[in-house]
Each structure stands twice: as structure tokens, then as C-alpha cells.
Amino acid sequence: MSAAIIEAVDIEKTLGEGVAQVKALRGVSLTLKGGELTLLMGPSGSGKTTLLSILGCMLAPSSGTVRLHGESTASAGPEELARLRRNHVGFVFQSYHLFPTLTAIENVRLVLDVRGEHGADTRTRAADALATVGLAHKHHAFPRELSGGEQQRVAIARAIVGKASAILADEPTASLDRENGQAIMTVLAEIARNPERAVLVVSHDPRILPFADRIVRIEDGRIVSEETGLRDAVISKEPEVTSHVP
Amino acid sequence: MLQNWLTRIDKGRLRAASQTLRATAGAWHAAVRGRIARAKDRGVPLIVVLASRNLFQDRVRLITTVIGIVFSVILVSVQIGLYLGFERMVTTMIDHAEADLWIVPRGTRNFEDPSLLDDRQRFRALSIAGVAAVAPLVLGFAEWRRPDGGATPVFVVGSDPRSGALTPWNLVEGSIDALAAPSTVAVDRSYFARLGVKGLGDAGEMRDQKARIVAVTAGIRSFTTTPYVFASFDRARGYMGAPADRATYFLVRLAPDADTSAVRDRIAQNIADAEVLTTAEFRARSRSFWLFGTGAGAALFGGALLGIVVGTVIVAQTLYSSTKDHIAEFATLRAIGSSTRYIVEVILWQALLSAVVGFFLAMLVGLVIVTVTADSVLPVVMTPGLVLGLLLLTVLMCAVSAVAAIREVVRIDPATVLSR
Ligand SMILES: Nc1ncnc2c1ncn2[C@@H]1O[C@H](COP(=O)(O)OP(=O)(O)O)[C@@H](O)[C@H]1O
Ligand SMILES: [Mg+2]
């Protein structure tokens, strides 16, 4: 397997103030590698979202270190963390978080725009990303004109268009029915075939299990088990999926 | 003042102006719609697309914003336009007089502040080196007896028509030369009703002396609303009851190569109880008396300032609440790695677009106001400089209005996206 893209070591995170203070993470170490789809599972409140936020440079850990491509993020301020996110991390959220006033292709292009890429090729790249998720025909649709599954696919296109090396998805199928959930997971699994890319999917949905190369279980802010080497078995279970991933 | 305008508004002109306004607004609206529709296929920067969609999505709020800006810009431009009109009007007599230097009674505060000088001083001034000509001017109030028996106060302006010192301008009927005949005057046609006359040839009386109208002007109006009546120098003294050896001002013309300040000093040393002012100084003195001595200027500037404050508050409020509504999107922007600068730019674009839309609508309304007040006592004046200044002011006002919204977005925690 290829190089470590995100390495988190001994992460602790305390959230809230005073009596409401919660130790969300109590010493978690996790490495995301290219070409791997990691499934992070655990009960509600176990710290999954908190861990994903820290891995994705949205939240700073209370202690422990996060390294992105070998570089520590410890000294990074908010603007530097934003720069790391826009250059290396693609997020997929449970509730899509598309911009309602922008069309599908504009939503995808926005990621590039934020990075200062405004050229004509951004349209082509956004179109390619939409084609990857099977939405080549919906460029000019607004989010309200798309189904939940389609909106989530736009969100995935947005996450991959910038060639982010880490795709972090927090409960991406939780708002979708079985069929759409499967479709989304298929796309994410395809993306994870790229050895330059690590995919982390947070979920407590057992239907997702077959798509994982690795399953990490978390409870009460601690990793309790880890299974690896599941990949080949998984892919062969879904032979009908053949979408192209950039 | 407002009532004055309203009564003077020409109905037809108003209708024409409103039609133009409607047509322009319609065309403009269509153009904007088309532009937005085409934006996705053209090179409009995505950040501008995002800002304009945020703006145009909520129509009610957009309308509020635009009304706020229009109100504010109109208020400011009317106040400043009035100021400019007022400024122009208070010096109109000085502007139309032909003088390099003015010899005025000591303590004169403005043009319409008549006290009298000894006419013999004129000859003393004339003997000074560098002085080419000295023409007397006499000013004073008189009571005009209308043909129907009523009376109204008027302001008599007397100068020798041959001297050309201050003769009526914008003549529409009759002739200046006719003022040489006895018992003749020139008046502005806008004062016909006040003077109880119908036109050329009609006559009133002042101090039991006949005053027959032999010349009619257009647009020589006094902001004091007291009609001006022009007459020859001698006749004017008779109408206002001034002694025969007196004049209000002496208008000095310099010899071609004379040094203005040297001549001015020489005159000042030789003439008692008088001051010698350049035309620019007299203009400035009149202007500052009326604008600042009377509080009129303060009122106009106060109104303008109020307009700016109200506009800023309205725009700030709508921009802030719009930002609050879109806060989840701004958090998403931050989550996908946008810099603070990019987010601030989105808001500033929203502010700028509001400013531009509001400004152009305001200018259309302004055009109507300028048109309908053109012939009024106090016309609202628009100059290219004022238009440019107002545009800058509008943009600045909207940028300042964006501060509250910006303070809100820079505090966004991107992690909130995951808990929504
Ligand atoms: N902003 C916060 N303030 C206080 N406590 C929080 C906050 N966010 C999450 N928590 C708590 O931290 C723990 C872990 O939360 P989270 O990472 O969201 O769990 P999961 O995603 O696994 O459901 C939970 O007990 C949650 O209540
Ligand atoms: Mg969660």
C-alpha cells in the first residue's frame, strides 16, 4: 500500500466548557493511506465526527499531532489550516451542504475558485468530476432540482475536483435510501482505487461494510478494533460498477 | 420651499420624465436578467455570480437595500444639489457684473446688504494708476405699486446701461437701450404675477414714479424671493429714495497690464469707509454669509449627513441579516478551505452590487428631480463631479455597511458544518 496521507498520533480532544466538558477523543492514533477506503464505525457520540474534523484540519486537537503529507499541523493558524483544507482535503457531509443558489457545475467549480483557479479549464475539470459521479447531464441543475442522491454526488464531485488527496465523508449515506446509499458508496470506493488518494467514511450503517478496505471501530473516544485487507473481496462483490475516476 | 417646487412642477414634463424612467427601468431590468442568465456561460467570475445570486435570491431584502440606497443617495444629492444651486444663486449678480475689483461700504456682508458710499469717492478711485474705469451701482429696496393697487417689495438694481457694469442678461423681450428712456425698468418674466403685470409695456409705480417695463428677462431670480427690478443708475436712486450723491458699490475695471493687488492696495489707501474686494473675495463673502451665517449651509449639510447615516444603517442591516441567512453557506465555504479574504470578498461584492444598482436607480430619480426643479426658485443642480462623488460615496457607504456582516463571517467555525 502507498504512502501515509494523513497521520494522527495520540489525539486527545476535549470539547465544551465547564460542566458540559466532554472528552471526545482519548488518545487516538490513525493513519490514512492512499488507495484505501477506511470505514470509521462507532455508536453515536463516540467521537467519529470529532476525529474526522481533526484529520481534516477543521479542528485542532487538544493534544497529539496531525501530519498531512508528513508535515505537522501543530503550528498552523486558522488561515493556514484553511489553506491545507483547500489544497489537500475534500469533504462530503451528511446533509450535502451545496450552495442553493449555484448550479451543480458552479458548486463544483467553487472549490477551484476558492483556490484561485479561475481559468477556462476549471469548467472542463468540473464537468469531468460530474461525469465521474454520473451527473454529466445535470450541469445546470440547481440543488433543489436534484434528488438527495444526486446532491450527494455533486458534493462528491466537489470533493474530488481539486485532486484532494484525502476525501473525508461524514455519514454520507445517512440521509439516503438503500439504493442511493449503495450508489454513493460505489463512487467513493472507486475513488479510493486511486493510490494517491485516501478515503475515510464515517458511518454507523452496517450496509456500508462491504465497501471498506479497512474497518476501524471507535467507542467512547478510543479505537477499539481494526480490520484490514478487506479490499479485493469487497470490490469483486460489486462487479456492475464501472465508473471512471480521475 | 418644497411647496414652491411642487406648485412649479410642470405636469407634462413630470409625465414625460416618469415614462422615461419606467422605460429605462424596464430595459435595465431585462438587461440584468439576461446578463445573469448568461453569466454561467460567460466569463463572469464565480465569486460575483455567488454574490449576485445571494443578493437577488431574496427580492424583499434586495428591494429594501435598494430603497435604502436610493433614499440615501437622493437625500444626499438633493441636499448637495440644493447647496450648489443655492451657491450659484447667491452669487449670480456678482457673477454677471463686469468688475475686477469692488469698492464696497465697510462691513458689507453680501451683495444684497446695501449701505451707501459717497459718489465722489468714484472720482478718487478713477484717478488711481491702473484703474481703467469705475462704474457705480446702486441697490436698495423699494415698494412696487401694482397697476391693480396692491403693493409688493422689490429689490432695485441700478446701473448705467452704457457702463455695462451690471445690466440685465438673458433678455427675452425689449431692449437694454430702452432703459435709457425715463421711467423704464427691466424685470424677469417669472415675477410678472407678483408685480401685477402681464408683460412688456405694462407699468407699476415706485415712490409715485412710473416704472414701465421695457425689457423682460428669463431666469434672473433671487433666492430671497424678492423680485429684482433693473433700472438705470439715476432712476434707481429715485425709486429707492437714495440721495443723488450716493452709490452702493463701485465696480472697478483695471487697465490691461495693471497688477490687481497693487491697485487694490492703492485704492484702499485713498478711500475712506470702504473696502476693496476682488470679485472672488466678494463672491466668497456673500456665499459664506448666506450658507454659514444663516445656518442654511449647516441645514443642507446636516441633511446630507443624515442621508448617509440612514442609508448606511439600512444597507448594513440588510447585508447583516442576509449574511446571517447564508451563514451555513459561509461556514461551508470556510470548511472547503476558503480564506477569510475570499469570504470577505463575497460580502463586499454583494455590497458593491447593491451600491451600483441603488446608485443607478437613484440617478434616474435624481434626473427627474433636476428636470422638474430646473425653473424653480431653488433648482437642484447636478454636476459631473457631484455624480462621480455620489458614486464613490455610495460605494464607500456600502463598504462601511459591510463591516458588521464581515465581523460576523470571520468568526465562523468551519466545524459547525459537520454538526448541521
Ligand atoms: N461542540 C461541542 N461541545 C461539547 N460537546 C461536544 C461538541 N461536539 C461534540 N460534542 C460531544 O463530543 C462527543 C463526540 O461527538 P461526535 O464526535 O460528534 O460523535 P459522533 O460523530 O461519533 O456521533 C459527544 O459526546 C458529543 O456530545
Ligand atoms: Mg457524527
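The values are calculated or read from the model by the stated rules, or taken from the named source; none is laboratory data. What you are looking at is a predicted structure, and each value in this text was computed from that prediction instead of being measured. Virtual Cβ from ideal backbone geometry, glycine too; neighbours counted across all protein chains shown. Only protein heavy atoms, including side chains, enter the accessible area calculation; ligands, DNA and RNA are left aside. Shrake-Rupley method; radii C 1.70, N 1.55, O 1.52, S 1.80 Å.
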Scan (1) free of Cβ contacts under 8 Å to residues at least 40 places away in the same chain; (2) open to solvent by 60 Å² or more (accessible area, probe 1.4 Å); (3) closer than 17 Å to residue B:99 by Cβ for the single condition residue B:299 breaks and write down its number. (3)
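For residue B:294, state whether it is loosely packed, with under 14 Cβ neighbours inside 10 Å and within 24 Å of residue B:151 (Cβ to Cβ). Please lay out each step first, then the result.
On the way: loosely packed, with under 14 Cβ neighbours inside 10 Å: yes; within 24 Å of residue B:151 (Cβ to Cβ): no.
Here the answer is no, as residue B:294 does not meet what is asked.
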For region B:312-326, which positions are within 12 Å of chain A (Cβ to nearest Cβ) and either within 42 Å of the chain's Cα centre (by Cα) or open to solvent by 30 Å² or more (accessible area, probe 1.4 Å) (or both)? B:322, B:325
Could you check region A:1-94 for strands (runs of 3 or more DSSP E) lying wholly inside it with 1 or more residues that are at positive phi, within 16 Å of ligand 1 (Cβ to nearest atom) and open to solvent by less than 10 Å² (accessible area, probe 1.4 Å)? none
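Working carefully through the options B:281, B:345, find the one that is open to solvent by 40 Å² or more (accessible area, probe 1.4 Å), within 14 Å of chain A (Cβ to nearest Cβ) and outside any strand (DSSP E or B).
Numbers: B:281 fails: within 14 Å of chain A (Cβ to nearest Cβ).
So the residue among B:281, B:345 that is open to solvent by 40 Å² or more (accessible area, probe 1.4 Å), within 14 Å of chain A (Cβ to nearest Cβ) and outside any strand (DSSP E or B) is B:345.
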More than 14 Å from chain A (Cβ to nearest Cβ) and in contact with a Gly (Cβ under 9 Å, 6 or more places away or on another chain): is that true of residue B:390 in this structure? yes
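Residues to consider are A:111, A:89, A:133; find the one that is within 28 Å of residue A:33 (Cβ to Cβ) and either more than 9 Å from chain B (Cβ to nearest Cβ) or over 18 Å from the mean Cα position of the chain (by Cα) (or both).
Values: A:111 fails: either more than 9 Å from chain B (Cβ to nearest Cβ) or over 18 Å from the mean Cα position of the chain (by Cα) (or both); A:89 fails: either more than 9 Å from chain B (Cβ to nearest Cβ) or over 18 Å from the mean Cα position of the chain (by Cα) (or both).
Step by step, each of A:111, A:89, A:133 is checked, and only A:133 is within 28 Å of residue A:33 (Cβ to Cβ) and either more than 9 Å from chain B (Cβ to nearest Cβ) or over 18 Å from the mean Cα position of the chain (by Cα) (or both).
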Residue within region B:162-184 that is part of a loop (DSSP other than H, G, I, E, B) and of a type in the set (Phe, Trp, Tyr) present: yes
Checking B:156, B:197 in turn, the sole residue that is part of a strand (DSSP E or B) and either among the β-branched types (Val, Ile, Thr) or more than 30 Å from residue B:373 (Cα to Cα) (or both) turns out to be B:156
Would you pick out the residues in region B:391-416 that are aliphatic (A, V, I, L, M), touching a Phe, Trp or Tyr at 6+ places or on another chain (Cβ under 7 Å) and open to solvent by less than 50 Å² (accessible area, probe 1.4 Å)? B:404, B:405, B:409, B:412
Looking at region B:200-208, can you tell me whether even one residue there is at pLDDT 90 or above, part of a strand (DSSP E or B), more than 30 Å from residue B:294 (Cα to Cα) and open to solvent by 60 Å² or more (accessible area, probe 1.4 Å)? yes
Select from region B:219-246 the residues that are open to solvent by less than 40 Å² (accessible area, probe 1.4 Å) and polar (S, T, N, Q) and list them in ascending order. B:222, B:226, B:232
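State whether the residues of region A:166-175 include one that is away from ligand 1 (no atom under 16 Å from the Cβ) and either open to solvent by 10 Å² or more (accessible area, probe 1.4 Å) or at pLDDT below 95 (or both).
No, region A:166-175 has no match at all.
Out of A:103, A:73, report the one residue that is free of Cβ contacts under 8 Å to residues at least 40 places away in the same chain, polar (S, T, N, Q) and at the interface with chain B (Cβ under 7 Å from one of its Cβ atoms). Before the answer, list the steps.
Details: A:73 fails: at the interface with chain B (Cβ under 7 Å from one of its Cβ atoms).
Only one candidate passes the filter, namely A:103.
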Restricting to region A:12-37, and then to whatever is away from ligand 2 (no atom under 16 Å from the Cβ) and of a type in the set (Val, Ile, Thr), can you tell me which residue is nearest to the other protein chains (Cβ to nearest Cβ)? A:14
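Residues checked against (1) within 16 Å of ligand 1 (Cβ to nearest atom); (2) buried (at least 22 other Cβ atoms within 10 Å of the Cβ); (3) under 16 Å from residue A:160 (Cα atoms):
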{"site": "A:98", "(1), (2), (3)": "no, yes, yes"}
{"site": "A:105", "(1), (2), (3)": "no, yes, yes"}
{"site": "A:118", "(1), (2), (3)": "no, no, no"}
{"site": "A:127", "(1), (2), (3)": "no, no, yes"}
All but one of (1) under 17 Å from the mean Cα position of the chain (by Cα); (2) modelled with pLDDT of 95 or more; (3) more than 7 Å from chain B (Cβ to nearest Cβ) hold for residue A:126; state the number of the condition that does not hold. (1)
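May I ask you to say which residue of B:353, B:364 is touching a residue at least 60 places away in the same chain (Cβ under 8 Å) and within 14 Å of chain A (Cβ to nearest Cβ)?
Values: B:364 fails: within 14 Å of chain A (Cβ to nearest Cβ).
Matching residue, one of B:353, B:364: B:353.
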Could we say that residue B:419 is within 14 Å of chain A (Cβ to nearest Cβ) and surrounded by fewer than 17 Cβ atoms within 10 Å (Cβ to Cβ) here? yes
